[in-house]
1. Where q = 0.17 Å⁻¹, what log10 of I(q)/I(0) comes from the Debye formula for the stretch 255-315, counting one point per Cα?
2. Probe of 1.4 angstrom, ligands and nucleic acids ignored: what's the accessible area per residue over the stretch 202-328, in square angstrom?
3. Provide the net charge surrounding Thr159, with neighbours chosen by a C-beta distance below 14 Å and charges set as Lys +1, Arg +1, Asp -1, Glu -1.
4. Straight distance only, please: which lysines reach the Cα of Lys48 with their own Cα at less than 28 Å, same-chain residues fewer than 8 apart left out?
5. Quick one: with all protein chains in place, what share of the accessible area of the stretch 215-347 is carbon or sulfur, to the nearest percent (1.4 Å probe)?
6. Under 13 Å from the Cβ of Asp209, count the other residues' Cβ atoms, weight Lys and Arg +1, Asp and Glu -1, and hand me the total.
7. Report the net charge of residues surrounding Phe218, where surrounding means a beta-carbon distance below 12 angstrom and charges are Lys +1, Arg +1, Asp -1, Glu -1.
8. Any chance you could run the full-extension gain for Glu103 through Ala176? It's 0.36 nm times the residue separation minus the Cα-Cα distance, nm to one decimal.
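The values are calculated or read from the model by the stated rules, or taken from the named source; none is laboratory data. Everything numeric here is computed off the predicted structure, so don't read it as measured data. Quick reminder, even Gly has a Cβ in these numbers, built from the backbone with ideal geometry, and neighbours come from all protein chains shown. When the accessible area is computed, the model is the full protein with side chains, heavy atoms only, and any ligands, DNA or RNA have been set aside. Shrake-Rupley method; radii C 1.70, N 1.55, O 1.52, S 1.80 Å.
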Amino acid sequence: MDSLLKHMVDMTGHRDHTMLDISVISAVQELAHASQTRVLSLAMVRGKMFVRPRAIITAGQPARMEENPDPASPGEPISNFPALAACIARHETSADVANAAGEHTLWLPIWLGDKADTCLEIVNPTPYTSDTIHVIGGIVSVYRNFQNLLDYSERDSLTGLLNRKTFDDQLAKMLAASTEQDALNLPGEPERRHHSDQEKQWLAVVDVDHFKLVNDKFGHLYGDEVLILIANLLTSSFRAQDRVFRFGGEEFVVLLRSTTLNNAKKIIDRFRMNVEQHDFPQVGRVTVSVGFVSISAFEAPVIILGRADQALYYAKSHGRNLACHYDELVSGGQLRTVESNDTAEFF
């Protein structure tokens, strides 16, 4: 009982999804005497569900976040986990499967309303006792409630996207991830080449073109529906590891993780074209403009965001329905920046 209470105190003391994941698998691992426990992310990508490990703990080892070897991959298709797929399809609370060796795997989807984007996976060499399942069920309930609280505080109420107040924390994490990469090419030092030296982190600012006209002509209810549909297109167009935020009004921000310039262009333009080709009810055709820039650990966040805004302003003032890369605008002579006040001059 003391151990259970300790884990509950630990879980309820976190205000961060990562540490909450670590706490829950540590609690389940100890209390269920499992051989392995994982937190799995369940993500819909172009109408198909994928499973990707997010955190893991194995017997005798500390809990850790799971590294994704292929950032461009959304994970394994859920069809590789037929028992879990059936559990999700039927909106059930658990699925238990034993393999030929008698090892049991228990899946526990974390339902928030009618949606599950997280699942606990617990592997045990023997069947689970009713007491163990009861304890695990209590832990899962606490975990679900705290996930819900964190989501509520971090997400925009209209679109369900991450909100602006979570942006600083997410950008700080991305800058930290960029530090090691940027350290390979410190100013004044010879450039060091390796297989992934072209992969960077990216920030894109998205703005709905002529959104005021949509509100004025069709009303705010249709305007809100446009924002919700664009949020859905953002989620389906970008990768599972990218982060999408609603900054307010008709402006959105995307943080793209570890990809090349060419791939970033393809992903961003795929989203732009998905919006252009979408039939918005009553409103019809809607387009977006995008400005994006690479993220450097040597630059202040306000400078990075300001540069993406400058590229966005260029797209808005040169026809709209464009995706513009800040560095290409500067190197091509179309844009000259004045860092002191984040203004831009066009040629």
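1. Reported log10 I(q)/I(0), two decimals: -0.69.
2. Values: 5170 Å² over 127 residues.
It amounts to 41 Å² per residue over the stretch 202-328.
3. -3
4. The qualifying lysines are Lys115, Lys200, Lys265, Lys266.
5. Heavy-atom surface of the stretch 215-347 belonging to carbon and sulfur, 1.4 Å probe: 50 percent.
6. Net local charge, Asp209 excluded: +1.
7. With Lys, Arg at +1 and Asp, Glu at -1, the neighbours total -1.
8. Details: separation 73, 0.36 × 73 = 26.28 nm, distance 3.94 nm.
Length gained, Glu103 through Ala176: 22.3 nm.
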